[in-house]
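Colleague: There's a structure below that I have some questions on.
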Amino acid sequence: MATLPRQDGLDDATGRTFGRTEFSKHQTRHLKILNQLTANGAMSTSELWEVVGKGEVDLRQLQRDLKKMADHYGLDCSPRGRSNVWSIPKGSSPRYVLPVLDQNAALAFHLAEGLLEEILPENLVGALKPWVAESRHLLAQKNPGNPWYERLTSKREGVQLHPPVVDADVLAAVYEALRAKEQLTFTYSRAGAGPVEHTVSPAGIVASNQTLYLPAHSAKHQDYTTYAMHRISRAQRSYTPATLPNVEDFLDYVVWGFNEFYASDDEIALVVDFAPAVQNKMLEYTLAEDQQTQLLSDQWLRVSASVYETSSLQAWLLSYGNRVRVIAPDSLVARLNALRQPPPPPPQAG
């Protein structure tokens with residue numbers, strides 16, 4: 001269940017702000033009403049008043065709630081004598097969104113969609129669609145004629161590839177194995193190779209560069225083995241208990257070991273020069289806490305920092321092409337020497 005937003009709730013009908021405790025009760029009333037209408041069909045305002053508790057809310061507030069819910073969830077309202085009868089339209093299944101969104105929460109969902117589409121596979125982004133749709137509806141309702149929130153967007157650098165799709169049944173089987181702490185059996189095809197059956201203890205799921213990965217342990221490999229989940233064609237629970245590392249160990253592996261090659265277990269004293277066209281970023285961001293910068297006589301920016309030499313670091317440096325020159329350490333320079341680099345600068349005077 002979603003947690004309450006930090007911002008207080010706002011009663012649209014009166015403009016009054018609810019405190020956190022009152023806002024929680026406000027949401028609970030909405031959920032009770034939706035549950036009653038789902039279970040019992042059409043109900044009058046007075047019948048719903050009995051359900052939510054006459055001592056908790058007055059009739060006028062309940063009527064405001066129902067009017068708001070009619071807009072939010074598409075409830076039908078028809079007169080019956082002096083009262084109104086409320087119902088959920090046939091074929092409709094309103095999404096119970098808790099908390100009831102305010103503009104701040106709606107804006108967060110709106111922004112999250114754009115960001116998550118850049119880093120997560122379609123399966124996971126799709127799960128947010130009902131909340132995103134609810135957010136768009138609210139933002140459009142609150143800002144008629146001025147969709148200013150559409151001006152907030154994001155862009156991922158580099159070539160954008162369409163991510164591979166993970167089979168929904170495979171994803172569900174992995175989730176269930178993790179939840180039940182069981183081993184998982186699946187059919188896996190490596191690039192250029194035929195399918196192979198595996199039984200592993202799944203350690204978790206990692207979303208990286210629009211791809212889902214399954215780090216796991218097996219009897220053959222006690223250390224982590226990583227599987228790209230879009231290459232799994234069939235997966236099922238084994239009902240055999242799995243022995244897994246604790247969550248802290250897994251998260252530590254994701255930070256320091258996932259898909260990384262370490263040239264050394266020790267930090268290196270990296271020295272690299274950046275051309276004027278690309279050096280601004282290194283004046284605003286840091287590679288490490290001890291990073292130092294120096295503007296050279298040829299206007300290149302020298303950056304010094306203590307870092308680990310990983311495959312990610314090497315790829316990052318190579319991505320700059322001839323706009324960087326790696327000065328030290330010699331071991332890293334040697335590994336990158338086969339690729340084009342500008343010549344090193346002349347020795348500094350003094």
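Any read-out appearing in this document is the output of simple, stated calculations on the displayed coordinates, not a laboratory observation. Computed from a predicted structure; not experimentally measured. Glycine also receives a Cβ, built like all others from the backbone with ideal geometry; neighbour counts cover every protein chain displayed.
Colleague: What is the local net charge at Ser311, summed over the other residues whose Cβ is closer than 13 Å to its Cβ (Lys, Arg +1; Asp, Glu -1)?
Modeller: -1
Colleague: Still on this model: Using θ = phi - 60° and the Karplus curve 6.51 cos²θ - 1.76 cosθ + 1.60, what whole-Hz ³J(HN,Hα) does each residue of region 271-276 get, with Gly and Pro shown as x?
Modeller: 10, 9, 9, 10, 5, x
Colleague: Apply the Karplus parameterisation 6.51 cos²θ - 1.76 cosθ + 1.60, with θ equal to phi minus 60°, to every residue of region 299-305 and state each ³J(HN,Hα) to the nearest whole Hz, in sequence, with x for glycine and proline.
Modeller: The phi angles translate into 6, 7, 9, 8, 10, 10, 7 Hz.
Colleague: Report the one residue of Ala269, Trp300, Tyr224 whose Cα lies farthest in the direction of the positive end of the charge dipole of region 215-308 (charges on C-beta: Lys and Arg +1, Asp and Glu -1; origin at the Cα centre).
Modeller: Checked the options; the winner is Tyr224.
Colleague: Rank the residues Glu113, Glu260, Glu248 as a footprinting-exposure proxy: fewest other Cβ atoms within 10 Å of their Cβ go first.
Modeller: Glu248, Glu260, Glu113
Colleague: By count of other Cβ within 10 Å, fewest leading, how are Thr211, Thr286 ordered?
Modeller: Final ranking by Cβ density, sparse to dense: Thr286, Thr211.
Colleague: Still on this structure: Of all alpha-carbon pairs in region 262-336, indicate the percentage at a distance above 18 angstrom.
Modeller: 33
Colleague: In whole Hz, what ³J(HN,Hα) sequence does region 169-180 give by Karplus (6.51, -1.76, 1.60; θ = phi - 60°), x for Gly and Pro?
Modeller: After applying 6.51 cos²θ - 1.76 cosθ + 1.60, I find 5, 5, 4, 5, 5, 5, 4, 5, 5, 5, 5, 8 Hz.
Colleague: Using amide H atoms built in the peptide plane, which far-off residues or other-chain residues are under 5 Å from Leu212 H to H?
Modeller: Amide H to amide H, under 5 Å and 5 or more residues apart or across chains, Leu212 pairs with Met229, His230.
Colleague: Would you please name the trypsin sites (Lys or Arg not before Pro) within region 180-272 that are DSSP coil residues with at most 10 other C-beta atoms within 10 Å of their C-beta?
Modeller: Lys220
Colleague: Past the 30 Å Cα-Cα mark, which pairs from Lys155/Lys181; Lys67/Lys129; Lys67/Lys90; Lys90/Lys129; Lys32/Lys129; Lys181/Lys220?
Modeller: Beyond 30 Å between Cα atoms: Lys155/Lys181.
Colleague: I've got another one for you. Would you mind ranking Phe274, Phe258 so that the residue whose beta carbon has the fewest other beta carbons within 10 Å leads the list? Could the numbers behind the result be given before it?
Modeller: Numbers: Phe274 20, Phe258 17.
Neighbour counts put them in this order, fewest first: Phe258, Phe274.
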